[in-house]
Every structure is written in structure tokens, then in C-alpha cells.
Amino acid sequence: GEDVEQSLFLSVREGDSSVINCTYTDSSSTYLYWYKQEPGAGLQLLTYIFSNMDMKQDQRLTVLLNKKDKHLSLRIADTQTGDSAIYFCASERGNTDKLIFGTGTRLQVFP
Amino acid sequence: DTEVTQTPKHLVMGMTNKKSLKCEQHMGHRAMYWYKQKAKKPPELMFVYSYEKLSINESVPSRFSPECPNSSLLNLHLHALQPEDSALYLCASSSLTTGTGYGYTFGSGTRLTVV
């Protein structure tokens, strides 16, 4: 079955870059997403990447995709305290309605 | 309107109660979803409605009963729940257009406590 794994926790200093990693098993994933969830809140879509791309940049966010290794990463430049949250990667197989979430990475930003 | 609205935000119910969760979107999305999220865990898919028809049921117990009265509304009827059903219930919608990559818009969830 589909499996999406992430490291559980990341702690960074304010102003540094954060890199959150994700590995997935489903090679037929067409889109891969990054969502942010703040305490007690729903999920906010941050960015996404199509499976035939290897990089996408969106302001402070850079997504890297290594399709061969089924590895996805999210880099947040100039990390701020407001970036503290749980970050989920998610994969979507083409022509299905299913979005499979990773285990989530809790990002803590300290001053 | 680019939001998915869920009501109520919090719900406490007894194991013999019947209650309903509601979800509404006015983005013209043709697919709507229910996810369940336990504390410190990722969301897990429960149901998918595509063009107002149930297309996916992830082997959810029958004490959860979804309903899609029209393309903008999605309900989740709850009956005879167990304490382990306590969780955050998230509704989402998507445009269902293959290959858009626009992802899914999530509501802020209903936090359900079963006592």
C-alpha cells in the first residue's frame, strides 16, 4: 500500500533555513503537496509539485523532488517564529480522489 | 468565497446520542471529503463524494454515515459512537480536474469528544 514517511521533529533558530524531508512509496504519485497545520486548526496548502518536475520555488519555499529515490523536501528560507507548526507532505495518485498524508514533522523555531 | 466552512467547531456527545457534522463550500468544487485526525497523527481519509455520489468509503464503521445533499454541502451523521472516535474531523473539497495540482481546500475541522 501507499506509505509516506517524515521525520517527527525539527528545531531551528529564527532566521536560519529549515529543511523538512519526506519519502513516499507510490511511484505513480502525480502530485505531491506540502500542508501546514497550526495547533487546533485545519490544513493550509503551502505548495505542490508535479511529478515530472524536480524543483519548484515559491517565495521563501523551495520544493525538491527526487523521483528516482521517491524523496521530497521542503526548504523554508529565513524561518520565522510564525512558521512553527506541523508540516505534512501528501501524495496524490493520478485519476484517484485519494490524498495520502505523511506522518507529519513538527517544526519549532526558537529566537 | 475560497473557504470550506465546518460546523460546529466543537462537539461533545454521549455514546447514545445522534449528531451531525456539516460542511459547506461555494467554490464549485465537485469532490468533497471527510478525514479523521487523531492527536499527533496525520489525517486519514474516511469518505469521498464525487459529483454528489459516494465514490470511496475507506471501510469506515456504519456508525458514521455520510450524506451529500447537493454539490455544496456534505454532512457526516454520527450515531452510537465510541470514546475512541474522539478526534478532529476535517472536511475538504477539490475541483476534481485531473492534473491541476491545486490540491484540496480544507476546513478548520470539528473537534469531537465522545463521552
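Read-outs: derived from the displayed coordinates by stated rules, not from any lab. Predicted, not measured: the structure shown is a model, and the values here were computed from it. Neighbour counts run over all protein chains shown; Cβ positions are idealised from the backbone, glycine included.
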**OP:** Could you run the Karplus curve 6.51 cos²θ - 1.76 cosθ + 1.60 with θ = phi - 60° over the range B:59-76 and give me ³J(HN,Hα) per residue in whole Hz, x for Gly and Pro?
**Re:** 6, 7, x, 5, 5, 9, 10, x, 8, 10, x, 7, 5, 9, 10, 9, 10, 10
Original post:
Can you run phi through the Karplus equation (6.51, -1.76, 1.60; θ = phi - 60°) for the range A:39-50 and list ³J(HN,Hα) in whole Hz, with x for Gly and Pro?
Top reply: x, x, 10, x, 9, 10, 5, 8, 6, 8, 9, 7
Original post:
If the cut-off is a Cα-Cα distance under 28 Å, which lysines reach B:K19, setting aside same-chain residues fewer than 8 apart in sequence?
Top reply: A:K98, B:K9, B:K36, B:K38, B:K40, B:K41, B:K53
**OP:** Output ³J(HN,Hα) for the range A:4-12: one whole-Hz value per residue in order, computed from phi by the Karplus curve 6.51 cos²θ - 1.76 cosθ + 1.60 with θ = phi - 60°, and x for Gly and Pro.
**Re:** 10, 10, 9, 6, 7, 8, 9, 10, 9
Original post:
What spacing in nm lies between the two simple spin-label points modelled at B:T5 and B:E52, each 7 Å away from Cα in the Cβ direction?
Top reply: 2.0
**OP:** Report the charge-dipole magnitude of the range B:1-80 in Debye, nearest 20, computed about the Cα centre from +1 at each Lys and Arg Cβ and -1 at each Asp and Glu Cβ.
**Re:** 400
**OP:** Starting from the Cα-Cα distance between A:A41 and A:S7, subtract it from 0.36 nm times their residue separation and give me the gain in nm to one decimal.
**Re:** 10.1 nm
Original post:
Fewest first, what order do A:T81, B:T5 take by the number of other Cβ atoms within 10 Å?
Top reply: A:T81, B:T5
Original post:
Using a simple spin-label model with points 7 Å from Cα along the Cα→Cβ vector, what separation in nm is obtained for B:S59 and A:H71?
Top reply: 3.3
**OP:** Give a quick list of trypsin sites (Lys or Arg not before Pro) in the range B:1-91 that DSSP marks as loop, anything other than H, G, I, E or B, with at most 12 other Cβ atoms within 10 Å.
**Re:** B:K9, B:K40
Original post:
For the range B:30-71, list residues with backbone N below 14 Å from a point placed 7 Å from the Cα of B:V12 toward its Cβ?
Top reply: none
**OP:** Please state the charge dipole magnitude for chain A, taken about the Cα centre, from unit charges on C-beta atoms (+1 on K and R, -1 on D and E), reported in debye and rounded to the nearest 20.
**Re:** 120
Subject >> Relative contact order for the range B:1-57, counting Cα pairs under 8 Å that sit 6 or more residues apart, in percent >> reply: 26
**OP:** Over the alpha-carbon set of chain B, divide Rg by the Kirkwood Rh and report the Rg/Rh ratio to two decimals.
**Re:** 0.96
**OP:** Within 10 Å of each residue's Cβ, count the other Cβ atoms and sort A:V4, A:V12 from fewest upward.
**Re:** A:V12, A:V4
Subject >> Where only C-alpha atoms are counted, convex hull volume of the range A:17-77 per residue in Å³ >> reply: 92
